[in-house]
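Working notes, structure below.
The values are calculated or read from the model by the stated rules, or taken from the named source; none is laboratory data. Please read these numbers as outputs of a predicted model, since none were measured by experiment. Cβ placement follows ideal geometry from the backbone for every residue including glycine, while neighbour counts extend to all protein chains displayed.
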Amino acid sequence: MTANRSTNFFARQRDARKSCRNQLILFAMAVFIIVIVTTMAIRFAWYLYISTQAHTLINFEAAQRYQQKLSTFTFFDPAFFLFMAMLIICFILAASLIKMSSLQKGGGAVAEMLGGRAICGVTTDPSEKRLINVVEEMAIASGIPVPQVYVLDAENNINAFAAGLEITDSAVAVTKGTLNKLNREELQGVIGHEFSHILNGDARLNMQLIGILFGIMFMGIIGRQILSKGRFSARMGLPVIAAGFCLMIIGSIGTFMGRLMQCAISRQKEFLADASAVQFTRNPMGLAGALKKIGGSTFGSQINSPGARQASHLFFSESHPHKLFAFLATHPPLAERIRLLDPSFDGNFPKMEEDVSKVKAQYSTPFWGTSHAGKTLHVPAGSPLLAILPAEVVHHVGNPSKENIEQSRTFLDSIPEEIIETVKSPQGAASVIYALLMDHDAVLRSSQLPALDRAMVVRGQTDNILKIAGQLSGLQQNLRLPLIELAMPALKGLTSMEKRNFLLVLHSCINTDGCLSLFELSVLWILEKYLNPSEDLFRSVKIFSFSRVGLDIVVLLQALACTGHAADRAEAQEAFHAGIARIPELAAHKPVFTFEEIASYAKVNNALTRLIEASFKIRESVIDACAHCAFSDHEVTVEERELLRIIALALQCPLPPFVETSPEKDAA
Amino acid sequence: MEELTSTENKISFARQAYNDAVTAYNTSREQFPDNVISSTFNFKTAALLEAVEKAEERSVPKVSFT
């Protein structure tokens, strides 16, 4: 076992060349088997097709033709075989090339594929800062530039990986569990291990392997998709189902061969990496301690992210442990690795205390702490929102609780019954929405009325609208948004011309007072999106990185801060920065805050439109940031709450109404 | 505390990296084919970095933040 480990540079080169050759042999074998099985499968599907046609066609001549084909049918046909072979090889190569080109951006692409979040040097989280320090130390020790560091937040296990096409442009990623559970020595050992992968060229080789493996595995993915879209395949009949089934089987062959390829190179390289890590850190107990903790923890090193299977050879420890086939392991057994580092190891792993409830550790910091350095603040007794920590706002998105449901019943009871009836018809719904957004000032209202009179939907109904406005004037602030939500379905009943007219009139109504509040803007935006759904078939989530939507988030937070603190510039600035601080990537760019009294319609509109295209993870952070921005002072008015809910709705991350914790209700 | 540890570590790692580089240079200077070139052009061995602290500087300092 020790004889296999070569720490001599030339011997390592020799080993690397030999393993490359083995890899190619395995890959060629995999492609060969796949070609044969696929060709047989398609031939079989064709046979099924001919025989069903031959036996079931009513038209005698056509049936004759098929029977003729059936009689001359042979399973092995050289021309067909050759053609299919070339076709399949082209497919596999194309898939591999596409995947490799998507990975061309470097190690960061792999990290983001597995759900990683980049952390920067100015982070305030102490464990992240410690990680960055350790990475910098290792970079000095090994003589390469500091790689980009990522954290896999969603993983509670202890694992890490390094990826990158160039030594000078690579990325190191670490799971959240590693940050929380390992001490500094052990973290150093793990990072040293990853650095040795980078230096030995493993990171590059492994990334190329992901691309190549994708070519073999993607047929299985397609096969599974054909079978899962039940109606589509059932309509096309038996041959397609057979093809789908066979593709899945081929895919599993591909996955198996891919796994074999992954583990063939990995095990030896893991030993080498362990040895190099000791060479860098001069401390074998650190790495040994990390491995012991993996052995003792219930989460182990198993990665949950769906994309991790194709990258399982990159990780520090076994990411997908196989119970039956031990030879498919991508890493040598833990006990063996530990014994090489610490000969006194007796095989007993120290049991680790797992704190399962702390999965989202990043949200457990109370927000008072971030801006006020841990001092307890005197919050005015009247504020009913003591109970809500802005950090928990994100938890409430999409998660209505029992209290929310009970509260919505009280909401419905507080709205006059007439109005609930009116809202069910398109005209009524439009009238109610106009009434809600009409100005309270009589002068402005009188200038809005003629426009309303001419509106297509509510022509001549202005006194009706005024009546509704009167009924709604006593309505609590926090019932406005639920009422709009109730009114929206009926609006779908308008014709498209009426919808356009409705929106135009609404726009002009909102504009009569000369300025656009963020509330009005968001309502208009939501209604526009609702009444003009985009025609995209596929969910158009295009943006996965903060850098592309940075400006939009800044615009949104600025508008929110200015609205919430219209009187006090300094407070608005503080609120803005509190919000920005929640997104480290943006905070690193130190955005400048400009106080604008009037929110710019176009800018916020564009910002919201772009943020809709961002991934849900980005939107989650945006809502988190908005929550911190809105709540940064002690006084959280109902307006700010509703604003937060409106923005969340605009971003399609619905926030249930805030539950009142105090006995007295807010007056409108 | 973390910053102190990190700084000390960085210094020691930098020293270690330098010494590793010097060792690598010295060994390659003696191996074929580099030894031919080094003897022709009279390449000298590089000096390893020696510890220069006095005895009291080597002990762990006591740090308190109060």
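So the values come out like this:
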item: Which listed residue is crowded, with 17+ Cβ neighbours inside 10 Å and either part of a loop (DSSP other than H, G, I, E, B) or without any contact (Cβ under 8 Å) to a residue 24 or more places away in the chain (or both), from A:Ile42, A:Ile92, A:Ile58, A:Ile50; result: A:Ile50
item: Residue within the range A:141-149 that is without any contact (Cβ under 8 Å) to a residue 60 or more places away in the chain, buried (at least 20 other Cβ atoms within 10 Å of the Cβ) and under 19 Å from A:Ala308 (Cα atoms) present; result: yes
item: Residue list for the range A:463-496, restricted to those being surrounded by fewer than 19 Cβ atoms within 10 Å (Cβ to Cβ) and over 26 Å from A:Ala648 (Cβ atoms); result: A:Asp463, A:Asn464, A:Leu466, A:Lys467, A:Gly470, A:Gln471, A:Ser473, A:Gly474, A:Gly493, A:Thr495, A:Ser496
item: Residues located in the range A:168-192, provided they are under 18 Å from A:Gly295 (Cβ atoms) and under 28 Å from the mean Cα position of the chain (by Cα); result: A:Thr175, A:Gly177, A:Thr178, A:Asn180, A:Lys181, A:Leu182, A:Leu187, A:Val190
item: Selection status of B:Ser38, part of a helix (DSSP H, G or I) and within 14 Å of chain A (Cβ to nearest Cβ); result: no
item: Test: residue in the range B:1-11 that is closer than 20 Å to A:Glu137 by Cα and in contact (Cβ under 8 Å) with a residue 60 or more places away in the chain; result: yes
item: Qualifying residue in the range A:126-143 (condition: acidic (Asp, Glu), closer than 23 Å to A:Ser301 by Cα and within 14 Å of chain B (Cβ to nearest Cβ)); result: yes
item: Only one of B:Ser38, B:Ser28, B:Ser64 that is free of Cβ contacts under 8 Å to residues at least 60 places away in the same chain, touching a Lys or Arg at 6+ places or on another chain (Cβ under 6 Å) and more than 26 Å from A:Asn283 (Cβ to Cβ); result: B:Ser38
item: Among residues of the range A:174-195, those that are of a type in the set (S, T, N, Q) and crowded, with 24+ Cβ neighbours inside 10 Å, counted; result: 3
item: Options A:Gly107, A:Gly115, A:Gly121: the member that is away from chain B (no Cβ under 11 Å), buried (at least 24 other Cβ atoms within 10 Å of the Cβ) and among the small types (Gly, Ala, Ser); result: A:Gly107
item: Members of the range A:476-499 found to be part of a loop (DSSP other than H, G, I, E, B), over 16 Å from A:Gly428 (Cβ atoms) and in contact (Cβ under 8 Å) with a residue 12 or more places away in the chain, listed by number; result: A:Gln476
item: Number of positions in the range A:438-458 that are small (Gly, Ala, Ser) and not in a helix (DSSP H, G or I); result: 1
item: Residues of the range B:33-47 satisfying the condition of being closer than 25 Å to A:Gln279 by Cα and surrounded by fewer than 12 Cβ atoms within 10 Å (Cβ to Cβ); result: B:Thr45, B:Ala47
item: Of the criteria (1) surrounded by 19 or more Cβ atoms within 10 Å (Cβ to Cβ); (2) in the same structural domain as A:Leu412 (by TED's automatic domain parsing), which one A:Arg445 fails; result: (1)
item: All positions within the range B:1-23 that are closer than 15 Å to B:Lys44 by Cα and either buried (at least 16 other Cβ atoms within 10 Å of the Cβ) or facing chain A (nearest Cβ under 9 Å) (or both); result: B:Ala21
